[in-house]
Amino acid sequence: MSKKMPPTPMLDQLESGPWPSFVTGLKRLAEDGDKPSAKIMQGLLGQLEHSYQTRKGYWKGGTVGVFGYGAGVIARFSEQAAQFPESAEFHTLRIMPAPGFFYDTKTLRQMCDIWEEHGSGLIALHGQSGDIMFQGCRTEQVQPAWDKLNAMGFDMGGAGAGVRTAASCVGPARCEQACYDTLAAHRAIINDFTDDIHRPSLPYKMKFKFSGCANDCANATQRADVAILGTWKDDMQVDQKEVQAKVKQLGRKEFINQVIRMCPTQALGLNDDDTLDVDNKSCVRCMHCINVCTKALKPGKEKGICVLVGGKRTLKIGDLMGTVLIPFMKLETEEDFEKLVELAHNMLDFFADNALEHERTGEMIERIGLVNYLEGLGLELDVNMINQPRTNSYVRTDGWDEEARKWAERKTSAAE
Amino acid sequence: MSKKMPPTPMLDQLESGPWPSFVTGLKRLAEDGDKPSAKIMQGLLGQLEHSYQTRKGYWKGGTVGVFGYGAGVIARFSEQAAQFPESAEFHTLRIMPAPGFFYDTKTLRQMCDIWEEHGSGLIALHGQSGDIMFQGCRTEQVQPAWDKLNAMGFDMGGAGAGVRTAASCVGPARCEQACYDTLAAHRAIINDFTDDIHRPSLPYKMKFKFSGCANDCANATQRADVAILGTWKDDMQVDQKEVQAKVKQLGRKEFINQVIRMCPTQALGLNDDDTLDVDNKSCVRCMHCINVCTKALKPGKEKGICVLVGGKRTLKIGDLMGTVLIPFMKLETEEDFEKLVELAHNMLDFFADNALEHERTGEMIERIGLVNYLEGLGLELDVNMINQPRTNSYVRTDGWDEEARKWAERKTSAAE
Amino acid sequence: MSELRRPVECGVPDSKQFMHPALVRNYGKWAFHDRPRPGVLRHVSDSGEAVFTVKAGTQRQMDVHTIRKLCDIADTFCDGHVRFTVRSSVEFMTTDESKVEALVKRLEAEGFPVGGTGNSVGFISHTQGWLHCDIPGTDASGVVKALMDELVHEFKSEEMPNRVKITTSCCQINCGGQGDIAINVQHTKPPVINHALVAGVCERPAVIARCPVAAIRPALVDGKPSLEVDEKKCVCCGACYPPCPPMQINDPIHSKIAIWVGGKHSSTRSKPMFHKLVAAGLPNNAPRWPEVAEVVKKILAVYKADARAWERMGEWIERIGWPRFFELTELPFTKYHVDNWRGGRANLNASAHLHF
Amino acid sequence: MSELRRPVECGVPDSKQFMHPALVRNYGKWAFHDRPRPGVLRHVSDSGEAVFTVKAGTQRQMDVHTIRKLCDIADTFCDGHVRFTVRSSVEFMTTDESKVEALVKRLEAEGFPVGGTGNSVGFISHTQGWLHCDIPGTDASGVVKALMDELVHEFKSEEMPNRVKITTSCCQINCGGQGDIAINVQHTKPPVINHALVAGVCERPAVIARCPVAAIRPALVDGKPSLEVDEKKCVCCGACYPPCPPMQINDPIHSKIAIWVGGKHSSTRSKPMFHKLVAAGLPNNAPRWPEVAEVVKKILAVYKADARAWERMGEWIERIGWPRFFELTELPFTKYHVDNWRGGRANLNASAHLHF
């Protein structure tokens, strides 16, 4: 063991136990002979132990970047630099992985080599936003590390008040429930927004996430300003033979308990011959019965996406879930994808023009009202956008006839 | 037909059709020869027709009362007195009926005679608050009419900023679902609050309503500041033979649809032998399955009441439903009833002391917070009071340990 | 003038003195109930005794002759006992099953429709309107009579998925409360102020305090203290009119009727629900309000055809979804339906639950 | 110094170049999936081809040696392909069923627990904490390692009623988002202000604007422009700390840990739910946070024992009711649980639905 290793009695307690220990990993890096990464890690371990002892963090932000970009490097300078000089600068490079977090080992090994040479050797797979986090880099090593990563075909992720790195579920790559190509949509949007990712100039951050169905494996509903979720418009697909097999497997009472009784809109009935009676008009595409009966049930064939807007975390007005902005659109042809990208740009432009400083999209909509937001985007009002109509009579309705006329016109033109 | 009858072409259109016509009734009174009530009604018909023609009301309030009371007479003076002098004064006496709106014909006939002599002969059975509305009285006839009604053993109802007349469901008089004696509770409370009914001096009105179960036939939940609803604490009563008969009657699939699937907390399962599997811990006493299976299912035996507080209509902050204040208390012994009456007095006193002018109890609680209201009443916090705990971290919790200690103490003393 | 009499502050009388003896006998001892036919209930007590109740609709605003007619019937069939329901129906009780048919016939013959039990459309609860109220936008009694004429079949039969409670309110105070269908006045223009009268009639600070959107402020008009309304803020609710009659909110043209659906007081199955706006801008068209009747009948027809057994109006819509409700009823969906009152975000669809 | 290189603004790469060929072959053509055993998924395509996925937990914050170890395994078993999940598990895919057992063994032998599929407790999503964040109240990586050591059996088996997503957040920004269980820092004292630094470091109007309860106002302290906090209003959320580091919110004693339950992003069955506060005041007890672990384990044990198949944490509690949740978990219920934030009335029980 190198004599440079700081004593870490508290951190050492995190080495035992069955779960892989990040402390063991940090220590292994710190013991890596004369590599530059080892020195950084010795300092880092010392400071982290100090944090554990004092229950305080000791990093402050700052501005570090790469040539040509205004974001993507998270600068960290130690407030304890005198005590732990080796890790006085411990910046992170956010690098966007391929949608769905797919890698080949050649790529991963190359990234490891780069980071051992230019950084601390510590990589998070992945950050909460969906970035590869190359953690622990001295200021002068940021540009050379970036040059090599960029040369591999990877680009920098978002930070600050710009578009952020996106995340998507595994999608059609390995899931029969995906109602659209989440990976393609992810790439189509992000690669059209690189300028807004790399040169942030928005009121605050903006996030896109992509999930193939209502199971929302990408956690888009609350964690993205723009959540793109798969759904379908026609009837769900039912294989009644497989339904009967499932009833047999679970037993009738349990099938009723686990499937019929748990449908949120009571859209399922069990026929006396153990086949399923589906009320597709009441079905809300929630995926529950499909999750339970993976062989018997499937989304319909007329697949597409819905778009939710406004999800965010606590600050400032409290956590928000996204709410429906586009109940359904197809996402198959090139034109469909162009339409989606255009919508995303319109949403970003309106946000850039109308949000207050440090206000997320959801907060802006809360402030100006959904109706004004729709008008700003030129989108039509749809009943699927609401949980229920207003319950309170405090509204001035003297434009009712005009609005009713508009609705009738829309219905007529839709019917034509 | 008397020549005094005003032309009523619009009102006349409300005489046809299968439903009993109030217009026909008004006209019959107006045609009653030389009775004083006939004159009043001729004027009233004229003014009402005028309202129909112009789509405007023409009454203004004022102050008319009886000796010794500060409320109970709703004064109405016509703004069209010159045109319709006979009904220039058209006051209403609010008289409280027996709980459950029970009458014998002797009582009703006597009331009719009094009102023909002193009023217009028009009686509403009943007003929205639950009063007998003796409508249409000249100022100088108010006291004599009241003297006779009071002599019959009836008392005046509430109006203005006081306790109002109560209402109750039919209760144990004719319903197997009543979990407490609604009529007795109604009488116990109202007859202890006569001073607050007759001499209003509160910030605004206060209403009590009594329903024997969650079906809430008295519409207490939203229509009363204090809603007293029946419930039970032990397991519901099940007659499995009758359950099987019901399954047979409806058919298995329909029984699942109408009973199992509609339970709001999925507390019901259907066993393979067509008996019912009740998860009483999940049951919320909603009455649905009992309503469907009146012979097979019944509330439990440990019956009592829950008290909801704060129901009200739109003005000022929007309609409110009452929320749980007392999740359960027995209401059987004299002591139980005394406890309820005492609670009602405490609620009234706190409201009188703390509400703003024209603020209902629900609005006051919204303003000061439920926790402060409970502290003011000396009531313990109970988990049944909430739908769910807070979802937002904006709260200062530095008194947590102290509050946790209080809860532990309560639990210990409850266990002892 | 003789000395005035002090009131006997007796409160409400004991109900048992007025009750049918069979109810007194079986008070609190009922075993179950069922409904032999629409309009008739049978309650059976633990002792096995059965009481039959025949229920009929009334006009609520009754002349003494009508009340005496009901008394005659009660004397003939029910030993002089009768009761009324919260919704102004009249109920006749007897232990003699053989009397039921004759009682039903007699009521129908006298013009009282027998019904209102089980899953029927009950009588419409209503307020005083032009007949007696000092602030009414319409005449509740008339609206209700006109509607019940159209809905009488649904009162007399039990063909609805669950009971339907309809309410009316003559102003936005919503005296009628929550209903499966609520027919309420909705003003669409700010109050017209008679500035000459305000100072004399209105307690100005109290009026300002009543406004839910803080749109009223003190003003000097023609040298007199008065009040003025910020018309951009005003939601035309009429809250200022009762405390200040010179702020006239009622208007023969601009006071419209709005229809709300899905309100529910009971905690049966779902928790209590507020009613939701579905139609507005309907004319206040006395004496028979045909436009209102048309919307109400359409909603009822769709509910009757589409809802499942035991679904109340609001529960049915929650299952089929609001998109389908507007589709089936052919009512327009507008920006006014989108809640923008405090906490209105809760009424947006924060999920991927979609109805197509 | 040489000229700086312009970045190649390439965005995200195409995933297919990195994918296992069987995934590329069957892209969008999957028929169904099942789970042969915990930690292993089988996806079958329309063509009948099956792909087996073996899933294992990682420490997320990985040293290059660990990553290379994973690469070695991928080279041996999966033709050099590997992917990660949103929750930092690693997934190895192969079409060769015979390799599955050996792959599982190898992963376990190398210290990567195989699991995280189906109704298991997944890896805890977390943030940077003391290791890298500039405002952390605790160390997410440490909390997560300590907890996963305790929960590893639940990761490796599928014994939960439904999947359990646990999240952590080192401050009240709630970076971890909603979770079935969320372990979040909850500050309990207002910020301690270093008035000498405020004017130099903080954009004062922006800081004032950040406060959710308008508790911050400008002040002159010792003749210097600074900010002061109305401590009666302050909810100790720490929103002012990131834009103004001299307003120190972190405190070794008074920055506590709170536990929230029942959050859910998915629209499966119920609509998405926010997590609800259940416990607070837990000490920030590095390095192993035993008090936090105890509460989390208790909640999980009760959920596991009491919930029905497919009920997520929040859905289970909605069925059994919050009274029973507090009873079963033996957690105290206090006034702090009662929502008093805007719109908090919606979290009161406005019904006669009661749980006993």
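Is there a residue in the stretch A:104-112 that is more than 16 Å from residue D:62 (Cα to Cα) and either modelled with pLDDT under 95 or more than 25 Å from the chain's Cα centre (by Cα) (or both)? Yes, the stretch A:104-112 contains at least one residue that is more than 16 Å from residue D:62 (Cα to Cα) and either modelled with pLDDT under 95 or more than 25 Å from the chain's Cα centre (by Cα) (or both). Answer with yes or no whether residue A:361 is in the same structural domain as residue A:203 (by TED's automatic domain parsing), of a type in the set (S, T, N, Q) and open to solvent by less than 60 Å² (accessible area, probe 1.4 Å). Against the criterion (in the same structural domain as residue A:203 (by TED's automatic domain parsing), of a type in the set (S, T, N, Q) and open to solvent by less than 60 Å² (accessible area, probe 1.4 Å)), residue A:361 qualifies.
Scanning for something in contact with a Ser or Thr (Cβ under 6 Å, 6 or more places away or on another chain), open to solvent by less than 10 Å² (accessible area, probe 1.4 Å) and polar (S, T, N, Q), does the stretch C:44-54 turn up at least one residue? No, the stretch C:44-54 contains no residue that is in contact with a Ser or Thr (Cβ under 6 Å, 6 or more places away or on another chain), open to solvent by less than 10 Å² (accessible area, probe 1.4 Å) and polar (S, T, N, Q). Only residues that are open to solvent by 20 Å² or more (accessible area, probe 1.4 Å) and in contact with a helix residue (DSSP H, G or I) (Cβ under 9 Å, 6 or more places away or on another chain): list them for the stretch B:179-201, please. Result: B:181, B:184, B:187, B:188, B:192, B:196, B:201.
Within the stretch B:42-61, is there a residue that is farther than 25 Å from residue C:170 by Cβ and touching a residue at least 24 places away in the same chain (Cβ under 8 Å)?
Within the stretch B:42-61, the first condition is being farther than 25 Å from residue C:170 by Cβ, and the residues that meet it are none.
Looking for residues that are farther than 25 Å from residue C:170 by Cβ and touching a residue at least 24 places away in the same chain (Cβ under 8 Å), one finds none in the stretch B:42-61, hence no.
A search for C-beta distances below 6 Å between a residue of the stretch D:261-287 that is under 16 Å from residue C:346 (Cα atoms) and charged (D, E, K, R) and any residue that is open to solvent by less than 10 Å² (accessible area, probe 1.4 Å) and part of a loop (DSSP other than H, G, I, E, B), counting only pairs 6+ apart in sequence or on different chains, returns D:271/C:351.
Residues in the stretch B:80-96 that are in contact with a Phe, Trp or Tyr (Cβ under 7 Å, 6 or more places away or on another chain), open to solvent by 10 Å² or more (accessible area, probe 1.4 Å) and either of a type in the set (A, V, I, L, M, F, W, C) or within 7 Å of chain C (Cβ to nearest Cβ) (or both): B:88 only.
Identify all residues within the stretch C:127-151 that are out of contact with any helix residue (DSSP H, G or I) (no Cβ under 8 Å at 6 or more places or on another chain) and either open to solvent by less than 10 Å² (accessible area, probe 1.4 Å) or outside any loop (DSSP other than H, G, I, E, B) (or both); write none if there are none. Within the stretch C:127-151, C:132, C:137, C:144, C:149 meet the criteria.
Scanning the stretch A:366-390 for residues that are open to solvent by less than 30 Å² (accessible area, probe 1.4 Å) and over 25 Å from residue A:343 (Cα atoms) yields A:389, A:390.
Would you call residue A:317 on the phi < 0 side of the Ramachandran plot, open to solvent by 20 Å² or more (accessible area, probe 1.4 Å), within 24 Å of the chain's Cα centre (by Cα) and not charged (D, E, K, R)? If you could, list the steps in order and put the result at the bottom.
Values: on the phi < 0 side of the Ramachandran plot: yes; open to solvent by 20 Å² or more (accessible area, probe 1.4 Å): yes; within 24 Å of the chain's Cα centre (by Cα): yes; not charged (D, E, K, R): yes.
Yes, satisfied.
So is residue B:326 modelled with pLDDT under 95 and either away from chain D (no Cβ under 13 Å) or outside any helix (DSSP H, G or I) (or both) or not? Here the answer is no, as residue B:326 does not meet what is asked.
Out of the stretch C:80-106, which residues are part of a helix (DSSP H, G or I) and either within 20 Å of residue C:19 (Cβ to Cβ) or open to solvent by 20 Å² or more (accessible area, probe 1.4 Å) (or both)? Scanning the stretch C:80-106 gives C:97, C:98, C:99, C:100, C:101, C:102, C:103, C:105, C:106. If I ask for residues that are at the interface with another protein chain (Cβ under 8 Å from one of its Cβ atoms), buried (at least 22 other Cβ atoms within 10 Å of the Cβ) and in a helix (DSSP H, G or I), which ones from the stretch A:274-314 would you list? Matches in the stretch A:274-314: A:288 only.
When you look at residue D:270, is it open to solvent by less than 20 Å² (accessible area, probe 1.4 Å), in a loop (DSSP other than H, G, I, E, B), at pLDDT 95 or above and at the interface with another protein chain (Cβ under 9 Å from one of its Cβ atoms), yes or no? Walk me through it before giving the result.
Details: open to solvent by less than 20 Å² (accessible area, probe 1.4 Å): no; in a loop (DSSP other than H, G, I, E, B): yes; at pLDDT 95 or above: yes; at the interface with another protein chain (Cβ under 9 Å from one of its Cβ atoms): yes.
So residue D:270 fails the test.
Residues that are in contact (Cβ under 8 Å) with a residue 40 or more places away in the chain, assigned to a loop (DSSP other than H, G, I, E, B) and either open to solvent by 10 Å² or more (accessible area, probe 1.4 Å) or within 13 Å of chain B (Cβ to nearest Cβ) (or both) within the stretch D:288-330 comprise D:288, D:307, D:308, D:309, D:310, D:311, D:312, listed in sequence order. Scanning the stretch B:235-273 for residues that are open to solvent by 40 Å² or more (accessible area, probe 1.4 Å), in a loop (DSSP other than H, G, I, E, B) and touching a Gly at 6+ places or on another chain (Cβ under 9 Å) gives B:235, B:272.
Every listed requirement among (1) open to solvent by 50 Å² or more (accessible area, probe 1.4 Å); (2) charged (D, E, K, R); (3) in contact with a strand residue (DSSP E or B) (Cβ under 7 Å, 6 or more places away or on another chain) is met by residue C:276 save one, (1).
Which of the residues belonging to the stretch B:276-307 are over 22 Å from residue D:315 (Cβ atoms) and of a type in the set (Val, Ile, Thr)?
If the condition is that a residue be over 22 Å from residue D:315 (Cβ atoms) and of a type in the set (Val, Ile, Thr), then B:290, B:292, B:294, B:305, B:307 are the ones that fit.
Is there a residue in the stretch B:205-221 that is closer than 30 Å to residue B:270 by Cβ, acidic (Asp, Glu), outside the structural domain of residue B:290 (by TED's automatic domain parsing) and modelled with pLDDT of 95 or more? Yes, some residue in the stretch B:205-221 is closer than 30 Å to residue B:270 by Cβ, acidic (Asp, Glu), outside the structural domain of residue B:290 (by TED's automatic domain parsing) and modelled with pLDDT of 95 or more. Restricted to strands (runs of 3 or more DSSP E) entirely inside the stretch D:152-250, those with at least 3 residues that are under 30 Å from residue D:55 (Cβ atoms) and within 16 Å of the chain's Cα centre (by Cα) are D:166-169, D:181-187.
Residues to consider are D:20, D:33, D:65; find the one that is touching a Cys at 6+ places or on another chain (Cβ under 8 Å) and either more than 7 Å from chain A (Cβ to nearest Cβ) or within 30 Å of residue D:139 (Cα to Cα) (or both). Walk me through how you get there before you give the answer.
Details: D:33 fails: either more than 7 Å from chain A (Cβ to nearest Cβ) or within 30 Å of residue D:139 (Cα to Cα) (or both); D:65 fails: touching a Cys at 6+ places or on another chain (Cβ under 8 Å).
Of D:20, D:33, D:65, the one residue that is touching a Cys at 6+ places or on another chain (Cβ under 8 Å) and either more than 7 Å from chain A (Cβ to nearest Cβ) or within 30 Å of residue D:139 (Cα to Cα) (or both) is D:20.
Residue A:226 falls short on exactly one of the conditions (1) open to solvent by 20 Å² or more (accessible area, probe 1.4 Å); (2) away from chain D (no Cβ under 12 Å); (3) under 14 Å from the mean Cα position of the chain (by Cα), and that condition is (1). Remark: pairs (first residue in the stretch A:5-19, modelled with pLDDT under 95; second residue open to solvent by 30 Å² or more (accessible area, probe 1.4 Å) and in a loop (DSSP other than H, G, I, E, B); Cβ separation under 8 Å; 6+ apart in sequence or on different chains) = A:5/A:31. For the criterion of being facing another protein chain (nearest Cβ under 7 Å), within 26 Å of residue D:271 (Cβ to Cβ) and in a loop (DSSP other than H, G, I, E, B), residue A:384 fails.
Taken over the stretch B:46-79, the residue count meeting the criterion of being open to solvent by less than 40 Å² (accessible area, probe 1.4 Å) and part of a loop (DSSP other than H, G, I, E, B) is 11.
Return yes or no: is residue A:290 over 22 Å from residue B:263 (Cβ atoms), in contact with a Cys (Cβ under 9 Å, 6 or more places away or on another chain) and not assigned by TED's automatic domain parsing to the domain that holds residue A:180? Explain how you work it out, then say what you get.
Values: over 22 Å from residue B:263 (Cβ atoms): yes; in contact with a Cys (Cβ under 9 Å, 6 or more places away or on another chain): yes; not assigned by TED's automatic domain parsing to the domain that holds residue A:180: yes.
Against the criterion (over 22 Å from residue B:263 (Cβ atoms), in contact with a Cys (Cβ under 9 Å, 6 or more places away or on another chain) and not assigned by TED's automatic domain parsing to the domain that holds residue A:180), residue A:290 qualifies.
The values are calculated or read from the model by the stated rules, or taken from the named source; none is laboratory data. A quick note: this is a predicted structure, and the numbers were derived from the prediction, not measured. Every residue, glycine among them, receives a Cβ derived from its backbone with ideal geometry; neighbour counts consider all protein chains shown. All accessible areas refer to the heavy atoms of the entire protein, side chains included, with ligands and DNA or RNA removed. Shrake-Rupley method; radii C 1.70, N 1.55, O 1.52, S 1.80 Å.
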